[in-house]
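What follows is a single structure, written as structure tokens, with notes after it.
The values are calculated or read from the model by the stated rules, or taken from the named source; none is laboratory data. Here the structure is a predicted model, which means the values were calculated and not measured. Backbone-built Cβ (ideal geometry, glycine too); neighbour counts: all protein chains shown. Ligands, DNA and RNA are excluded from the accessible area calculation, which covers all protein heavy atoms including side chains. Shrake-Rupley method; radii C 1.70, N 1.55, O 1.52, S 1.80 Å.
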Amino acid sequence: MNRYTSHVYTKFENLKPQQLIDDAQLVKTDMVNYPKVHIAPKSGLLNDPNGLVYYNELYHIFYQACPNGPFHGMKSWNLVTTKDFLTYEDHGIVLNVTEEYENFGIFSGGAIIVDSKLCLLYTANYRDPNNEYKRKAYQVLATLDENYNVVSKRIIREPDETLHTEHFRDPVAIDDFNVLIGLQDVNNQGQLAVMGYSQKDYLGDSKLSFIKNSWNLDSFMFECPNLFKLEDKNILVFSPQGVEAQDKYTFNNIHDVVYSISDKFFIEEMMWDNPIIKQLDHGFDFYAPQVFNDGERTLMIGWQGVPDTIYPGDEQYRWSQMLTTMRELTLVNGNLLQKPIDEYQQLETNWISFEREVKLESKVFKLKFSASEEFELVIGNDSYNIRLVRQGNEISLDRSKCQYLVNEKYGNVRYVNVEEDNCELEIIVDMSSIEIFINEGKYVMTSRFFIDSLTTLKLSGSDTSQFSYLKAIKYKEG
Ligand code: FRU
């Protein structure tokens, strides 16, 4: 038996129901890491957010799921819906492997509405059992009915080995005729391309146009691209793989997420006119975010994790990984700002002002403070802690003193350079998650951290500081 014939790739329909029930029971016993205000799997593994769409007055959040266990294996799409980001309904796995061309999983992609029907665009991950499990990537459009049953699936693009390798995935529609997709070209370099597609006919237009750019990013694959407009500018957000660290500020995780802004980008010319690329997050665990518009706001949610990483407790509690908070994006002076959406304010309980210290009664809270000079925040207990420090223009997040360490070979500290003298911070801690928003979300540090019990929070150097516990989000029964 090899990995491809093992339980890692058992199809969803063949998983033992009792196993899923047992796993979900174990997840419920996790009192140290499982989040209360973030989306996490009922059991098994979660990775990229997929198919984000506001449709029928509901936010639809699909995500890459491997219900087989807390590891990357047979992927399908799990759906969670919400009206208000306070109460959610988990619909379970709604898009899973049914066709031979997707025999090794349903990979990432986006949603579109065609004739008022919810359709999902995704990458079918095929591996040939008769040829050493060699991979091929098909792009597929699935149509769902009003109960989220898949009523049809059809390939909209076949793989083309003259243009890309087996890494050709994560399609998102940018209009009714064009889809943006990430790929590895025949020289093994990451690229973004736009392919024509048809919402109605069998295949789309077979053209594949690469986006010409001058970013100079040495990456072997660009994953999970997004293209959207803010303030009349075009913005690309994507996840390049394998970029080497340039200094202590950039590309220190196994893979990081970047964005680039262009004044002009016309599908006809396929030319990105800005060579500048910026890192979207400066923490340890942030990848493959997806952006969408709900009619009023441009919103983004990411995977609060990174590829090839096992987190403490995964095996014990049979779940792995979570999504970030939903964030609203704005563009201010050439910077993409991220703020947790206002809806989360409903989870706040009682704001108290504090000086220097809070004795913690729960691991789920929010903190706001301002500091015009250096500051130090330490969250933990007598033996372990996570630390956020400003020295000069630099803010560092240090998880070297946590109880359990993660991805140590990539270092235990992350740094971000802050231009402003004054810092306003908003921090959300949710069990094993910390999201740090600095100066209206101009700099964000998203991370997991692992300390069983948090008893105190100590802050020095702040001018004002406020603290509130957060209530848990709820799930509808069903
Ligand atoms: C990014 C990614 C995508 C792929 C999916 C598979 O995390 O590798 O490129 O579609 O995950 O789960």
Rounded if a/c is under 1.5, else prolate if a/b is larger than b/c, else oblate: which is segment 56-117, with a ≥ b ≥ c the root eigenvalues of its Cα gyration tensor? oblate
Averaged per residue, the 1.4 Å probe accessible area of segment 187-313, protein heavy atoms only, in Å², is roughly 42
Could you give each residue of segment 363-379 its phi-based ³J(HN,Hα) in whole Hz, using Karplus coefficients 6.51, -1.76, 1.60 with θ = phi - 60°, and x for Gly or Pro? 9, 10, 7, 10, 9, 10, 8, 10, 8, 8, 10, 5, 9, 9, 10, 10, 10
Solvent exposure of segment 67-110 as accessible area per residue, Å², 1.4 Å probe: 26
Per residue Cα convex hull volume in Å³ - calculated over segment 352-413: 114
Sorting K36, K366, K16 on solvent-accessible surface, 1.4 Å probe, most exposed first, gives K16, K36, K366
Could you look at segment 247-335 and say what percent of its accessible area is carbon and sulfur, using a 1.4 Å probe and all protein chains? 51
Local electrostatic count, V406, Cβ distance below 15 Å [Lys/Arg +1, Asp/Glu -1]: -2
Using a 1.4 angstrom probe on the protein heavy atoms only, line up M322, M31 by accessible area, largest first. M31, M322
Accessible-area value, S116, 1.4 Å probe, nucleic acids and ligands omitted, Å²: 90
Mean ellipticity per residue at 222 nm, deg cm²/dmol - from DSSP H runs of n ≥ 4 across the chain, formula -39500 (n - 2.57): -1000 deg cm²/dmol
Would you mind listing how long segment 254-293 runs along its three principal axes, going by Cα atoms, in whole Å with the largest first? 37, 24, 15
Please report, in whole Å³, the volume per residue of the convex hull around the C-alpha atoms of the chain. 145
Roughly how many Å² of I261 are accessible to a 1.4 Å probe, to the nearest 10? 20
Computed over the Cα atoms of segment 214-289, what is the convex hull's projected area averaged over all directions, in nm²? 5.2
I'd like the carbon and sulfur percentage of the solvent accessible area for segment 1-149, probe radius 1.4 Å, heavy atoms only, ligands and nucleic acids excluded. 48
Please give the peptides 242-254, 170-182 ranked by average Cβ packing (other Cβ atoms within 10 Å per residue), highest first, as a rough proxy for protection. 170-182, 242-254
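Taking Rh as the Kirkwood radius, which is the inverse of the mean 1/r over Cα pairs, what is the Rg/Rh value for segment 329-455?
0.95
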Rounded to the nearest Å, the spacing of the alpha-carbon centers of segment 374-422 and segment 229-305 is 24
K476 accessible area, nearest 10 Å², 1.4 Å probe? 120
Semi-axes of segment 404-478's equivalent ellipsoid from the Cα gyration tensor, sqrt of 5 times each eigenvalue, largest first, rounded to whole Å? 24, 19, 14
Where both partners of a DSSP beta bridge lie in the chain, what percent of those bridges are antiparallel, to the nearest 5? 95
About the Cα centre of the chain, how large is the charge dipole given +1 on each Lys and Arg Cβ and -1 on each Asp and Glu Cβ? Please answer in debye to the nearest 20. 1000
How many angstrom separate the Cα center of segment 441-473 from the Cα center of segment 109-126? 37
